[in-house]
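Notes for the one structure printed next.
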Amino acid sequence: ENLLDTVVGLPGNLFPTTSIPVAILVFDRSREKGGANHGCKSVLFVDASRDFLPGKNQNNLTDEHIARILRTVAAWEDVDKYAHLADFKEIKENDFNLNIPRYVDTFEEEEEIDIDAVQREIEQLERELVEVRAKMAVKLKEIER
């Protein structure tokens, strides 16, 4: 029987006793034999590790972050780059590894760089630098007098 219902990954440095990211594992007793959810083997993976309010000594979850986690768990469905409902077959294919990044893809495509625009910006900055140096040379000569 699979009683594991949900895995929620939290940000690091939330608790004073440890700085490592922690996870909440939710087990559902209704999945036991004779229970309302007996036979359910799917697991919801939630990556809430990027949602936090940075603090001086410790990070914090805001009410909004907590509400998002609760809404996601209640909906029990995929949310792009945040949650994935994995069936038993997928978990088995991952050798029962519960590492959240195996299930929730948070990869963001990098914006394509316009090399020509960057080159034009560099040339403009170089022209401005020449002007600033010329002005500085004039000011230095005034100071030397």
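For the reader, a short list of remarks on this structure follows.
- Residue among 135, 139, 89 that alone is without any contact (Cβ under 8 Å) to a residue 24 or more places away in the chain, under 30 Å from residue 45 (Cβ atoms) and part of a helix (DSSP H, G or I): 89
- Residues located in the stretch 85-99, provided they are over 19 Å from residue 49 (Cβ atoms) and either open to solvent by less than 40 Å² (accessible area, probe 1.4 Å) or under 20 Å from the mean Cα position of the chain (by Cα) (or both): 91
- Test: residue in the stretch 37-46 that is closer than 20 Å to residue 107 by Cβ, touching a helix residue (DSSP H, G or I) at 6+ places or on another chain (Cβ under 6 Å) and modelled with pLDDT of 95 or more: yes
- Scope the stretch 1-59; condition assigned to a strand (DSSP E or B) and open to solvent by 50 Å² or more (accessible area, probe 1.4 Å); matching residues: 15, 23, 24, 25, 26, 27, 53
- Residue in the stretch 100-109 that is on the phi < 0 side of the Ramachandran plot, assigned to a helix (DSSP H, G or I), open to solvent by 80 Å² or more (accessible area, probe 1.4 Å) and at pLDDT 90 or above present: yes
- For the stretch 72-84, a residue qualifies if it is in contact with a strand residue (DSSP E or B) (Cβ under 9 Å, 6 or more places away or on another chain) and open to solvent by 80 Å² or more (accessible area, probe 1.4 Å), and the qualifying residues are 77, 78.
The values are calculated or read from the model by the stated rules, or taken from the named source; none is laboratory data. Here the structure is a predicted model, which is why all the values come from computation and not from measurement. Glycine also receives a Cβ, built like all others from the backbone with ideal geometry; neighbour counts cover every protein chain displayed. All accessible areas refer to the heavy atoms of the entire protein, side chains included, with ligands and DNA or RNA removed. Shrake-Rupley method; radii C 1.70, N 1.55, O 1.52, S 1.80 Å.
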